[in-house]
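The structure appears right after this line, and notes come after that.
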Amino acid sequence: MFEWLNQEVYGNVTWLNLITALVIFILALVVAKALSVQLRRSFKDKMSKEHLEIMTKVITYGIMIVAVIWIMPTIGIEPSGLMVAGGIVALAVGFASQSIIGNLISGLFLMGERPVKIGDLVEISENLGFVEDINIISVSIRTLDGNMVRIPNETVFTSSITNYTSTPVRRFEYSVGISYADDAARAIEVIKEVIDSHPLALVNPPPHIFVDSLGDSSIDIIVRIWSPSTHWYGVKMELLWKIKAAIDAAGIEIPFPQRVLWYGAKKT
């Protein structure tokens, strides 16, 4: 009844061989799909979305590659011959694409370490901006002036990374100069009142306000303030002008640079 299954289609390949290969391929697809769904459910709260997608794709492609190698002898293709040819091609391509392989391996390490994630404000290789995309080859950053910068993963992995949003709070600093004729203690009190009145200037860690140096024309006061990382830049811009206005209202002078010139008396 099923004698046609043993009829040759091409060479020594029969219909049974083709059906077997098709069944194996479909089963591999089903297993890969089921495993991907299970991985997404298990790790959705433990890994970032982009890293989870990379992991599921690597596993899916790996399963399909194994299935294809398994199918080859069934349809009359000897994997050994392909492996030799593939090895030669891979060697040639490897020399031509060392940077790509390096970026791929670095991407896998970054996926495990996770020093940055999408939306973070970071500085990588002198590029400051927000992370827009992370993939297996590169990281894309939108700089503060709106430019898109693509940084290879190998560069990201070997560079110093400053992540400004990985911690909940961040500190900024001002240097405020007042004249020698004014009271530094009163100036510190005025500055502290301004900081205390701002809702996003943190009490813990507390602000630090102190006389740092005696300059040529001014007493220099250092002001260090902590704020939530998500509002850091806005608070920094807003408070500086409020401190300046409060100092002016208190009658405290912010002096201009001054120089005193001495002329020697001419001998007669």
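Of Ile26, Ile69, which residue is β-branched (Val, Ile, Thr), part of a helix (DSSP H, G or I) and either modelled with pLDDT under 80 or in contact with a His (Cβ under 9 Å, 6 or more places away or on another chain) (or both)? Just a single option satisfies the conditions, and that option is Ile69.
Strands (runs of 3 or more DSSP E) fully within the range 107-220 that include at least 3 residues being closer than 30 Å to Asp248 by Cα: 169-178, 208-214.
If you go through the range 221-268 and keep only what is surrounded by fewer than 14 Cβ atoms within 10 Å (Cβ to Cβ), assigned to a loop (DSSP other than H, G, I, E, B) and at pLDDT 90 or above, you end up with just Gly251. Based on what the data block shows, is Gln38 loosely packed, with under 14 Cβ neighbours inside 10 Å and either charged (D, E, K, R) or modelled with pLDDT of 75 or more (or both)? Yes, satisfied.
Of the residues screened, Tyr174 is not one that is at pLDDT below 90 and either closer than 30 Å to Ile134 by Cα or not small (Gly, Ala, Ser) (or both). Criterion first (without any contact (Cβ under 8 Å) to a residue 60 or more places away in the chain, within 13 Å of the chain's Cα centre (by Cα) and under 23 Å from His231 (Cα atoms)) does Arg150 satisfy it? Judged against the criteria, Arg150 is not a match.
The values are calculated or read from the model by the stated rules, or taken from the named source; none is laboratory data. This structure is a prediction, so every number in the text was calculated from the model and none was measured. Quick reminder, even Gly has a Cβ in these numbers, built from the backbone with ideal geometry, and neighbours come from all protein chains shown.
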